[in-house]
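Chemist: Once you've had a glance at the structure underneath, I'll fire off some questions.
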Amino acid sequence: MSKKKPNGGSGCGTVLLFAFLLCIAIAIYSYAWIPAIGAIIFFFVKKDRTDRTRNLIISSVVAITSLFVFIGMKATPELSGINVEWGKTEFTVSDKVEIKVTPIPSDAKIKSLEMSENPIAQLEYKDGKAIISFESEGEASVFFTANGNVQSGMEDIKVVSQAQLDDNTGESDENQPVNTNAHKVKVHFIDVGQGLSVLVQSDGKNLIYDGGDRSTSSFVVSYLKEQNVETIDYLISSHYDDDHLSGLIGCLNAFNVENVIGSDYIHDSNLYQSFIDTVSSKNLEVQHPSVGDVFELGSTEFTILSPKEINQSESNDNSVAIKITCGENGFILTGDAESGSEADMIASGINLSCDVLCLGHHGSASSTSWDFLQKTVPEFAVISCGADNQYGHPDKDTLDKLSSMNISLYRTDKQGTIIAESDGENISWNTEPCNDYSPGSIEDAGTEVQTTDSAQTSEPNQTQEQQERMVWIPQSGSKYHSNSSCSGMKNPTQVTQSEAEAMGYEPCKRCH
């Protein structure tokens, strides 16, 4: 009598055992080790052969189920205790790009973070957090690996430069090359009436050149705030006459100022002393750079053009003139520098060619000589002056020169604040040139055309300023006088009334 074979013969058992061991091996490789060990214990706990076959089937089902559960979790990191904060997937370089992975709970560990090979991104791992940071434009595919083999799905990150974004839509132009070293400068010729104030901005850096008179000081401060100025990197006083200096004191009080540049002379006025005291109160000092010194301002630079030497008796010729260079474009600001200072600039050998010339001394005849115009050869001229000012600025002789050279003209008395913007190659303006070459005074008939030939001479130019009333100013005090004996002045100085007012003096009530 033959013996009856037990259920689940050896052939079937061998196949099931092989499949079971294979599932166990895969489960262990997948880190599904807890149910795998449970299945092994369940299989071997009983010796009965029939139970073994049944237990083998049950254990295989457990192992296979655990395997599929953990495979599914590979695409869902959150199920394994990892929180992925992807955020947005398109950034500009200027953004603070951070993609964080935070373990939850605290005992979950991120072993590594992998990215496609791309030099734009860097990985920093600290205190259980992984942060990707981007330095330049490009694309990167990112995925995370945690607890050995639990991964997130692939995530594509695109980083573009700000210059690629469309100004209107904010969309990027992927095909447009970007010049990260592009030059850019914005020059504001602020309308301060009969005075001068110029704001220069480049890559978040700010320069203020003169600040207008007392009546426009608060306006200049407000204007700078509207242009989002918080720090003035360079505050330059061309010279210390009231119509150039007063507003700078307001700027010193309203903004964080890094550097102050001025002319190296002492102006006998209370306004000058107030300026010096304010500079000192900000723990600054007035710097007196030499002709030819160059300073960086964002992606642009400016060069000191004057004064070559100091003239204690003539404030205007002490003006600090500068040339702003932005790529191929140049802007020259001369304060109230007159023809003598212009001659020194020409003799310095510095390249004076420019695109934009802000005329000296508000377009008066004492500045903007033929020699200086022929050396600078500007395409555009800007005159900062007040409408119907008492000095008759700008002068007909100066305007005739501009007209004869076909220099496009902007005037603050006719057009208000004028803004020029350069990308290093081209200059754009907020308005068209007025090309109004009419003098400030309708009585100004001009004189004979000046010549650059040193062998020739012309009749002296009797301007309105030279013909106006003369007054006396004291060594100390704030009033000007019609006679030298008023108020017991000692060693008074005679100047024109306009010069006295420009220095901050007011009329004496006794003699006026």
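Chemist: Sort E338, E432, E296 so that the residue with the fewest other Cβ atoms within 10 Å of its own Cβ comes first and the one with the most comes last. The partial results should precede the final answer.
Modeler: Details: E338 21, E432 9, E296 12.
So the residues, fewest neighbours to most, are E432, E296, E338.
Chemist: Still on this structure: Compute the Cα gyration tensor for the range 256-384, then decide on rounded, prolate or oblate, letting a ≥ b ≥ c be the square roots of its eigenvalues: rounded whenever a/c is under 1.5, prolate when a/b is larger than b/c in the other cases, and oblate in all that remain. The partial results should precede the final answer.
Modeler: Details: a/c = 1.96, a/b = 1.34, b/c = 1.47.
Since a/c reaches 1.5 but b/c is at least a/b, the shape of the range 256-384 is classed as oblate.
Chemist: How far apart, in nanometres, would the label points at E432 and K282 be if each is projected 7 angstrom from Cα along the Cα-to-Cβ direction?
Modeler: The modelled label-to-label distance comes out at 4.0 nm.
Chemist: Tell me which residues come under 5 Å, amide H to amide H, from I427 once H is placed; ignore anything under 5 positions away on its chain.
Modeler: Under 5 Å from the amide H of I427 lies no amide H from a residue far enough along the sequence or on another chain.
Chemist: While we're here: Specify whether the C-alpha gyration tensor of the range 182-329 places it in the rounded, prolate or oblate class, a ≥ b ≥ c being the square roots of the eigenvalues: rounded for a/c under 1.5, otherwise prolate if a/b is larger than b/c and oblate if not. Show your work: numbers first, answer last.
Modeler: Numbers: a/c = 1.58, a/b = 1.16, b/c = 1.36.
Oblate.
Chemist: For the range 185-429, just say rounded, prolate or oblate: build the C-alpha gyration tensor, square-root its eigenvalues into a ≥ b ≥ c, call rounded for a/c under 1.5, and beyond that prolate if a/b exceeds b/c, oblate if not. Numbers along the way, then the final one.
Modeler: Values: a/c = 1.30, a/b = 1.22, b/c = 1.07.
In terms of gyration-tensor shape, rounded.
Chemist: Between K414 and V61, how high is the FRET efficiency from 1/(1 + (r/R0)^6) when r is the Cβ-Cβ distance and R₀ = 60 Å? Nearest 0.05. Please list the in-between numbers first.
Modeler: Details: r = 92 Å, r/R0 = 1.54.
With a Förster radius of 60 Å, E is 0.05.
Chemist: Follow-up. Between N253 and Q227, what is the label-to-label distance in nm when each label sits 7 Å out along the Cα-to-Cβ direction?
Modeler: According to this spin-label approximation, the distance is 2.1 nm.
Chemist: Same structure, new question: Between D388 and E506, what FRET efficiency comes out of the Förster formula 1/(1 + (r/R0)^6) with R0 = 25 Å and r the beta carbon distance, rounded to 0.05? It would help to have the intermediate numbers written out before the result.
Modeler: Numbers: r = 21 Å, r/R0 = 0.85.
My answer for the efficiency is 0.70.
Chemist: Let me ask you something else. What is the calculated FRET efficiency for W370 to N270, with r their C-beta to C-beta distance and R₀ = 30 Å, to the nearest 0.05?
Modeler: Working: r = 38 Å, r/R0 = 1.28.
Working from the Cβ atoms, E equals 0.20.
Quick note: the coordinates plus some simple rules give every number you see, no bench work behind them. None of these values were measured; they are calculated from a predicted model. With ideal geometry, Cβ positions are generated from the backbone for all residues, glycine too; neighbour counts draw on all protein chains shown.
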